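Taking it in order: structure first as structure tokens, then the write-up.
The values are calculated or read from the model by the stated rules, or taken from the named source; none is laboratory data. In this text the structure is predicted, and so the values were computed from the model without any measurement. Cβ atoms come from the backbone with ideal geometry, glycine included; neighbour counts cover every protein chain shown.
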Amino acid sequence: MLKFGLFLLQGIPESIGVIGLSLALARIPLRWRLILVIGTVMTLIIYLIRLLPITFGLHTVAAMLLFVLSIIKTTKVPATSIFLAVFASFALLAILETAIFEVFLFFTKMDPREVTSNELLWQELGIPQDFLLIFFALIVARLKRPISDAWKQWQA
């Protein structure tokens, strides 16, 4: 149960950040209540996928496709734009994850295996990247003019 709680603690903000940044990159206006709901549902689905006996890393591909499909179903933006935005968001997530991990190792001088084996520490290390994704979503949304009718009508 603790493992599930830790996953949610880090996973929900991460999904919110990925959804938010993907929408901003695709020039879709940010609707934070909807982003919160989609992010929470996606986190739960991703958790269930991670429980399946599949090759490590395939859950990330499945998550990307789920994010793409959820945005396609709720917006009028072309699928190619959505796919590129989601891919870019996941790429930034990977870069941030690596950078934060490396900076943490540099300053703490801890062994990488020691960090990854400590479940609480490992999940806590993901929180800064989550909030950076949300911050970048806000910045991109400010810089890119959103498409006024990007959301499907039933979402209004």
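Which ones in the range 61-90 are without any contact (Cβ under 8 Å) to a residue 12 or more places away in the chain and among the β-branched types (Val, Ile, Thr)?
61, 72, 80
Quick check: anything in the range 107-119 of a type outside the set (Lys, Arg), part of a helix (DSSP H, G or I), modelled with pLDDT under 95 and within 30 Å of residue 32 (Cβ to Cβ)?
Among the residues of the range 107-119, at least one is of a type outside the set (Lys, Arg), part of a helix (DSSP H, G or I), modelled with pLDDT under 95 and within 30 Å of residue 32 (Cβ to Cβ), which makes the answer yes.
Which one of the conditions (1) in a helix (DSSP H, G or I); (2) touching a Lys or Arg at 6+ places or on another chain (Cβ under 7 Å) does residue 67 fail to meet, given that it meets all the rest?
Here residue 67 meets the rest and fails (2).
Just checking, which of 38, 45, 71 is of a type in the set (Val, Ile, Thr) and over 22 Å from residue 148 (Cβ atoms)?
Matching residue, one of 38, 45, 71: 45.
Has the range 99-113 got at least one residue that is free of Cβ contacts under 8 Å to residues at least 60 places away in the same chain and buried (at least 18 other Cβ atoms within 10 Å of the Cβ)?
no
Out of the range 63-84, which residues are surrounded by 12 or more Cβ atoms within 10 Å (Cβ to Cβ) and either of a type in the set (Ser, Thr, Tyr) or at pLDDT below 90 (or both)?
70, 74, 75, 81 - these are the residues of the range 63-84 that are surrounded by 12 or more Cβ atoms within 10 Å (Cβ to Cβ) and either of a type in the set (Ser, Thr, Tyr) or at pLDDT below 90 (or both).
Given the criterion of a type in the set (A, V, I, L, M) and more than 21 Å from residue 134 (Cβ to Cβ), identify the matching residue among 63, 88, 79.
Working: 63 fails: more than 21 Å from residue 134 (Cβ to Cβ); 88 fails: more than 21 Å from residue 134 (Cβ to Cβ).
Checking each option against the conditions leaves just 79.
Collect the residues in the range 4-62 that are crowded, with 16+ Cβ neighbours inside 10 Å, modelled with pLDDT under 95 and in a loop (DSSP other than H, G, I, E, B), keeping them in residue-number order.
Hit for the range 4-62 is 31, nothing else.
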